[in-house]
Protein chains: 2
Amino acid sequence: MQSFADLLADAVRQNGPLCVGIDPRWESLPISFQQKFAHAPAEAFTHFGRKVLELCAPNSGIVKFQAAFFELFGPAGMQSMQTLIQDARERGYFVILDAKRGDIASTATAYAQAAFGSTWNADALTVNPYLGADAIEPFIQEARKAEPQRGLFVLVRTSNPGGGLFQNLKNETGPLYRHVADAVASWNEGAIGECGYGDVGAVVGATNPHELRELREAMPRVWFLVPGYGAQGGTAEDARAAMRPDGLGAIVNSSRGMTFPFQPEDAQWEARIQHAAQKAQAELRGE
Amino acid sequence: MQSFADLLADAVRQNGPLCVGIDPRWESLPISFQQKFAHAPAEAFTHFGRKVLELCAPNSGIVKFQAAFFELFGPAGMQSMQTLIQDARERGYFVILDAKRGDIASTATAYAQAAFGSTWNADALTVNPYLGADAIEPFIQEARKAEPQRGLFVLVRTSNPGGGLFQNLKNETGPLYRHVADAVASWNEGAIGECGYGDVGAVVGATNPHELRELREAMPRVWFLVPGYGAQGGTAEDARAAMRPDGLGAIVNSSRGMTFPFQPEDAQWEARIQHAAQKAQAELRGE
């Protein structure tokens, strides 16, 4: 059985480190979708999301779904997310469910089973470390039990301007985010693949390249999921600081930049999505 | 318009501080439900949850739904949670959605709109503070915009054995959980009700009474949601350390103890739930 890390390495080797973020927002959809699906907004998400998957496929093999925007439309929204994840898998995408889950004991197990079992069937889930190691363990266990194996991306240093309020709190050995990074590095050792990386990744924002380099050194065998590139202000060069010389080690997410590089009235929206994915992938590869 | 804090105070004055936690687990349901709904497990949750709401109503006015267990059953599970929240509201329950959400900017807004808008229509949502103040702000804004007003319970000190791994990390002025507590106390000042409490509550486990007392002093006007009573080992006396002399200030959750005080084969399960709620409420009131 191929390891989680090797599956992700294959996706990056084949198509590059770009992760297409699908964060559907009703008011940003092409006007034709808003008109056609005015009475079934979740269906608009499904049809639009499919189009994005199709348009980005030549330039990216990794997709991240933002659960919040689907949850906003209730059961129908969740149905849309389920359909899109299945569609993405059929197209060969590596699928990340960005739900930032975190809870204890059997509740954490339930979230993990939802993420990795037949409910969502994602390759990876983002999780929040605030509740400590025994709240992360159930996610790791479920990820390693699944076939094929799944993985996690633990929030270490987030890309929002105020992310440091607690993450930067320093004790004598370093800030909180470094403690979380050390824990991630240690959890990650439990399932190292042939590519040299493991199955407990880290979310590290692209908006502070200095921290990105520091954390790259602190977690040499950890896959990074780097948000903040594009709309949030991080440049491709900033994000590349997360990659190792082998070209692996980091995937870089762009959501609004990939999904909505157009105004709702723009008839050329398909071409703009295609072009945005092509441009982002080239930039991230340093071409 | 009645404030969030006063609405909660009314519920506690009327029925006491017990919060009934609905965490449905398929394998724990009465055997008759497992048989009848073998092909539609989410419907079993709806019917069983309704029964729990009905049985506990004489002894509690507050209910907490654990989103993970509903999410595990996908769109049908979410439909069940939606139905049960509506049912709980119609019965006059104060409804907490325990989803421990946390994300940045417009994503946080989407989660908050889902929680407080027509999707879930909960009175309160549990949220995770790891991402900092600008990630909590959108939740506060949406809560205060809603009619009636809604509120939050921010994770401060969780009840799991390993909760201290990061929460206890100390800088020169105190551990992380105290920094989070100070932030909660300050956010909470934005909407103090006539009862003297506000709308940004704190989740503080009952499993460490010393910390519970410390945090009670640090956040005198903050509503506490206290998990860990019952199945997790906290006693009623431990939990009462979270209450202020006015009898307000804390609600105490019991999930497994309320929802599953029986074996699946036990034909007397309804009486056992009724009795468990009665006993817990009396204990928590110090009767």
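General remarks:
- Peptide-level mean, for A:178-189, of C-beta atoms on other protein chains within 10 Å: 1
- Among the listed pairs A:Lys64/A:Lys279; B:Lys64/B:Lys279; A:Lys51/B:Lys100; B:Lys100/B:Lys145, those beyond 27 Å (Cα-Cα): A:Lys51/B:Lys100
- Remark: mean inter-chain Cβ contacts per residue of A:112-120 equal 3, using a 10 Å Cβ-Cβ cutoff to other protein chain atoms.
- Its Cα gyration tensor gives region A:86-176 an equivalent ellipsoid. The semi-axes, each the square root of 5 times an eigenvalue, are 27, 16, 10 Å from largest down.
- Signed unit charges on C-beta, dipole axis of region A:4-284, positive-most listed residue A:Ala135, A:Phe48, A:Ile192: A:Phe48
- Remark on region A:129-208: ratio of C-alpha radius of gyration to 2.2 N^0.38 Å is 1.16.
- For A:His39, inter-copy separations between label points set 7 Å beyond Cα along the Cβ vector come to 3.0 nm, shortest first.
- Here, region B:1-144 is characterised by an Rg to Rh ratio of 0.99, where Rg is the alpha-carbon radius of gyration and Rh the Kirkwood radius.
- Among the residues of A:56-68, the average count of other protein chain beta-carbon atoms within 10 Å of the residue beta-carbon is 2.
- A Stokes-Einstein calculation at 37 °C with viscosity 0.692 mPa s, built on the Kirkwood radius of the protein assembly as shown over Cα pairs, returns a diffusion coefficient of 137 µm²/s.
- Take the Kirkwood radius over Cα pairs of region B:200-247, plug it into Stokes-Einstein at 4 °C and 1.567 mPa s, and you get 123 µm²/s for translational diffusion.
- Taking only the alpha carbons of region B:93-251, we obtain Rg and Dmax values of 14.8, 44 Å in that order.
- Taking the C-alpha atoms of chain A, convex hull volume expressed per residue in Å³: 118 Å³
- Distance from the alpha carbon centroid of region B:40-61 to that of region B:82-98 works out to 10 angstrom.
Read-outs throughout are calculated quantities, based only on the coordinates presented, and are distinct from any laboratory measurement. Just so it is clear, the structure is predicted and the values come from calculations on it, not from any experiment. So basically every Cβ, Gly included, is an ideal-geometry build from the backbone, and we count neighbours across all protein chains shown.
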